[in-house]
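Working notes, beginning with the structure itself.
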Amino acid sequence: MGRAAGRRTVVSTARATRPRRRERGPGRTAAALLLAAAGLTGIGPPSRPAIAHDVLSGARARMTEATVPDAIADRYLAHRPTLGPVTVVDVSNESNDRRLLAATLQGIVNRSQARIYLVGARAAAEDQYWLDSYEARGLIDVTATVGLDQALATFAGELGGYVLASAAEPWTINTATTVAGAEGGVVATPDTVGALTALGVPQLADHRGRWPDAITAYEAIAAAYRKKLAYPGVAIEKPDANQPRDFFVQQGMLTVFTRPPLPDFDRVYKLIETFPSGHPVYGYVSDTGSEETEAVVRLARTGRFLVPTDTTDNLSFHIAVGGSERVRAAAPSAAPVAPCTASTVNVVIAMSDGDNLVIPEAYYPRADRWSSTHRGELPVGWGISPVTSVLMPAVWDHYAETATTDDQLVDLMGLGYSLPSLMPDPSAFLLDSNRLRSSLGVTAHWSLDAIVSAPDAPGWVAVDRAAAASGAPPEGIFLNYTSWGGPPWFHTPGGIPVVTAHRRSYDDGPVELAAEIQALVDMPTSERALVNFFPATVWNASYDALVDQLAPLRAAGVRFLTPREAFACLPDPPPRSTTTTTTTTTTTTTPPASASPTGPTGSGPDAIPAPAVEGSPTFTG
């Protein structure tokens, strides 16, 4: 189908102008790993997958304008630069040490006015894609394309100096990144220092030989520079990874590294926990699924959340492109949706891992994904972090503006990757997640909080409260990437429909998904769920491959649904009830369907949603 009809609608930001899910995408952690790390039991063995989906007709209407609250955007940024004339710096053939120098130069130059864009910091073709897109849309003015040496000569006068580090002591790369951000400098190594001294750039510090190990270095730098760091959060980054260092330096944040198996893991996380919990942790936390579980649980238990950015480049530039207004996602069609019945195999497909910002930056744009000439032939939900609208505004606008009627953007995990049910107080996280999602016109949410896989999980109470207090609850919630043993679908106590993933494995590709859907076709009608949700793993599933594998099933009668249709085709929840017990009587009251609690209008840790009307969870399947 063609693009959605209607005018271009924008959202004002009220400002003047992911290893799991890493590049090689190892498999998702098993339920037992998460439960063990969280210290919880009671979720049963996985149940059999099931699926469903159907196609809407007609154009979708654009929603009205709204504002992304500054209080939410301020969680992510200490500096919001304006956009200046752009110098493109080609680092495609540079060494890792020179790319480190280029990234930190970019961070300082882009701090107040974004003027440097790197091509080849990640992959030249991927970087060029957005450069071309921004120019074609009239968003940027490229005035020069140069090499690194010319860029150094042009911008050396803006540098406060350099911090000398060495890959032989890898922690010094991170300590130097921290100090460079605090002092307005760049990171140099023995191989690159000559280019700086030749330009008269002074030395700020030499971090070589100062500390015996990483944690000692990180603790010392945190103690010395905490008050000079503009950003009150942290980044966890491998010392040899340079893609996001422009952003870390630009924003001025403590940069550290650890992994759960390392002996310094606990001390590094205790250091992280001395910083405020209301701001995201950037970078990434693990190299395997089991490490991911332990690290994310640790973050959640201290009220923290992750924005995966360890392989995302040019963030110090992307944050300045697009102006102060955002394009809202097109409203799903209001056309009636036929109820789902088990006589038809009903399937909803959604692309995974969009909370990792490298996905909208580098994976979705590929010719066999969002840029496919076939897009629109199969209804798909596209998981994307709404934080994209803050950190890559014009990237967000591209997806919101070019979606077809069969593409629905799905908010993946709100403010960031965490397990809200394990947070000491998830109120601000859940409330601001709802506000950010709804301000962008996104109506569906996707949670990876596997602890709430059962419909009677206590964590649903906080979800309902925050959704009601936001004034714009989601139309429905997708849950998890694979089955965690709960029913295929149910309603929260507050009546929000939840559809759970029942895919066998995180690593299942289009061929495996087609086989699992065929198994549903062959299944007795009495054993089918009304709606069956299959995530497509972005690392190994392209849109084109999904169309190739699933089109024959659609032709054979499988009903593929957009997310909106999947939630709308389910039965309504029964009326909620509350039970009040006194010494003499017990009274059950059914509130009107329109009843909803109210909550505060502010954002942040003190914004506590009002209690929701609580009742018994209901589910079918």
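Observations on the model:
- Here is the list for segment 264-327: GluC sites (Glu not before Pro) lying in DSSP coil, each with at most 16 other C-beta atoms within 10 angstrom of its C-beta, are Glu273.
- Per residue, in Å², the accessible surface of segment 275-379 once ligands and nucleic acids are set aside, probe 1.4 Å: 23 Å²
- R0 of 25 Å, Cβ-Cβ distance Ala136-Glu158: FRET efficiency to nearest 0.05: 0.30
- Surface composition of segment 417-529: carbon plus sulfur atoms hold 53% of the accessible area, using a 1.4 angstrom probe and ignoring ligands, DNA and RNA.
- Accessible area (Å², per residue) of segment 450-558, counting only protein heavy atoms and a probe of 1.4 Å: 30 Å²
- Looking at segment 279-385, the trypsin sites (Lys or Arg not before Pro) that sit in a DSSP loop and have at most 16 other Cβ atoms within 10 Å of their own Cβ are Arg366.
- Distance (nanometres) between label positions extended 7 Å along Cα→Cβ at Ala556 and Ala198: 6.6 nm
- Stretchable slack from Asp266 to His374, in nm (0.36 nm times residue separation minus alpha-carbon distance): 34.1 nm
- Cα gyration tensor shape of segment 208-285, rounded if a/c is under 1.5, else prolate or oblate by comparing a/b with b/c: rounded
- Extension reserve of the Asp74-Thr143 stretch, reckoned as 0.36 nm per residue once the Cα distance is removed: 21.8 nm
- Stretch gain in nm, segment Arg210-Val511, where the contour uses 0.36 nm per residue and the Cα spacing is subtracted: 103.0 nm
- In this structure, Ala334 and Asn540 have a Cβ-Cβ separation that, at R0 = 35 Å, corresponds to a calculated FRET efficiency of about 0.50.
The values are calculated or read from the model by the stated rules, or taken from the named source; none is laboratory data. Keep in mind that what you see is a predicted model, and the values were worked out from it rather than measured. With ideal geometry, Cβ positions are generated from the backbone for all residues, glycine too; neighbour counts draw on all protein chains shown. These accessible areas exclude ligands, DNA and RNA; they are computed on the full protein's heavy atoms, side chains included. Shrake-Rupley method; radii C 1.70, N 1.55, O 1.52, S 1.80 Å.
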